[in-house]
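Worksheet: the structure to be examined is printed underneath.
Values quoted throughout were computed directly from the atomic coordinates according to the rules given, and no laboratory measurement underlies them. Computed from a prediction, not measured in an experiment: that's the story for all the values here. Cβ placement follows ideal geometry from the backbone for every residue including glycine, while neighbour counts extend to all protein chains displayed.
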Amino acid sequence: MAATFVNLFAIKSFNSPRLADLQTGSVHPRSLINHNRRVLVVKASESKNEWPIKKTQMSDAECEAAVVAGNAPFAPPVPPLPASPSGTPVVSPLPLSRRPRRNRRSPVFRAAFQETSLTPANFVYPLFIHEGEEDTPIGAMPGCYRLGWRHGLVEEVARARDVGVNSIVLFPKVPDALKSPTGDEAYNDNGLVPRTIRLLKDKYPDLIIYTDVALDPYSSDGHDGIVREDGVIMNDETVHQLCKQAVSQARAGADVVSPSDMMDGRIGAIRSALDAEGFSHVSIMSYTAKYASSFYGPFREALDSNPRFGDKKTYQMNPGNYREALIETREDESEGADILLVKPGLPYLDIIRLLRDNSSLPIAAYQVSGEYSMIKAGGVLKMIDEEKVMLESLMCLHRAGADIILTYFALQAARSLCGEKR
Ligand code: PBG
């Protein structure tokens, strides 16, 4: 059921039809809604009686005189109180000065007092790309594909733009033969990501392209940094590579580079490297609080980027830690980050709120692959309503303080918000 209500005051600003026509029911409010871009879903219910009432042709003075003379025209009585089921206890009302349910008692009230609203403009759509020409389904992420960078990707971006999603983030599946311990393919100006950025910018100049800055898709070890013989992830040497990667992406036309590697000091170093090469207009979205999470499993399958050994716990944060997120926040802010990201999303709402309350910068949340796949699986098994849970989870990320949300649901959710069927 589309529980929608037109806000009559909003309608009033349209020149035609007139408000009076709407109130008498001669124009259906739906005709005022642009279906492609319906954001606040609001529609008036049908009026039930014989509207409009026929005019008597009396003047205002005659109408007033009739009322004064006691001949008020008929208007329907207030309806009787609806009956309670038999057996309902008879009680005296609780002495409550505040009944919060009053403000929730109808769809119109609920829409009026809704504190958080999602729009497709809040979404960033993560897209997996590869060198092939076919789109390859990702087993662990139903509905997601490794997209051919010249075909499937371009079509998917067009579909997203159609429903108001105009920001994407690219994740490349790199051929094994191009992977190395130092991940040098990451800054090949003619590599998959820079090539794809140039193609998309040529076709859609106003598309906002975020890139991932980290070595794992390019590392033969599957780690985000260079691995020393004893297994230590080398910080400063990795940052050196990340700077080259970010500059290469900026050179291709990236709008926002997003370091997801969790090395220390990379934001400041990347900012300096970008500025030195003439890219002071390129933004940095820092993965500020990225946790060593098991919710990334499906993503690593998608990119075939599982660490060859060990885990990522020496650079990604411990899921048990809260205060530590503030240390990362202060560092990233002072090093010049433009956007701070928390990842994963739903299990880390407290961290999103922590950053929201401690920084004036925009906050991003990443609803990661595992979160996506759980909702998809629950939906397929008919254990939950996929569509409703999807929208609720995104709303909750927004309510917790995320301005933007990276989500594999971006297209599906935007279509749903626009009132389109899939
Ligand atoms: C790696 C990276 C990961 C994700 C985004 N960038 C995985 C990881 O850190 O192992 C995960 C995204 C997801 O699970 O959806 N730099």
Relative packing of 368-375, 95-102, which averages over residues the other C-beta atoms within 10 Å, highest first: 368-375, 95-102
Gain in span if fully extended, Glu64 to Ser220, counting 0.36 nm per residue against the direct Cα distance: 47.3 nm
Rounded to 5, the percent of DSSP beta bridges in the range 157-257 classed as antiparallel: 20 percent
Packing rank of 264-270, 329-335, where each peptide gets the mean count of other beta carbons within 10 Å, highest leading: 264-270, 329-335
Cα gyration tensor shape for the range 273-422, rounded if a/c is under 1.5, else prolate or oblate: prolate
The chain: most fluctuating residue of Val91, Val256, Val169 per GNM, C-alpha cutoff 10 Å: Val91
Rg to Rh, two decimals, where the chain supplies the alpha carbon set and Rh follows Kirkwood: 1.12
Share of Cα-Cα pairs in the range 63-206 lying beyond 20 Å, as whole percent: 71 percent
Gyration tensor verdict on the range 201-251 (Cα atoms; rounded if a/c is under 1.5, prolate if a/b is larger than b/c, oblate otherwise): prolate
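Going by the alpha-carbon gyration tensor, a ≥ b ≥ c the square roots of its eigenvalues, is the range 217-315 rounded (a/c under 1.5) or, if a/c is not under 1.5, prolate (a/b greater than b/c) versus oblate?
Judged from the Cα gyration tensor, the range 217-315 comes out prolate (a/c at least 1.5, a/b above b/c).
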Cα-based convex hull, the range 140-190, per residue volume (Å³, whole number): 122 Å³
Relative contact order of the chain, defined on C-alpha pairs under 8 angstrom at six or more residues apart (%): 15 percent
Neighbour-limited loop hits for chymotrypsin sites (Phe, Trp or Tyr not before Pro), the range 106-159 (at most 13 other Cβ within 10 Å; DSSP other than H, G, I, E, B): Phe113
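Mind ranking 300-310, 389-399 by how tightly packed they are, going by the mean number of other C-beta atoms within 10 angstrom, highest first?
Top of the packing list down: 389-399, 300-310.
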With 5 Å bins from 0: P(r) over the range 137-281, alpha-carbon pairs, percent: 2, 10, 19, 21, 20, 14, 10, 4, 1, 0, 0
Computed [θ] at 222 nm, deg cm²/dmol, the chain (DSSP H ≥ 4; -39,500 (n - 2.57); rounded to nearest 500): -10000 deg cm²/dmol
Charge dipole (debye, nearest 20) of the chain; +1 at Cβ of Lys and Arg, -1 at Cβ of Asp and Glu: 2300 debye
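Which entries in Lys179/Lys244; Lys203/Lys343; Lys313/Lys343; Lys343/Lys382; Lys179/Lys376 show an alpha-carbon gap greater than 20 Å?
Lys203/Lys343; Lys343/Lys382; Lys179/Lys376
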Cα-derived Rg over Rh, computed across the range 276-362 with Rh taken as Kirkwood radius: 1.01
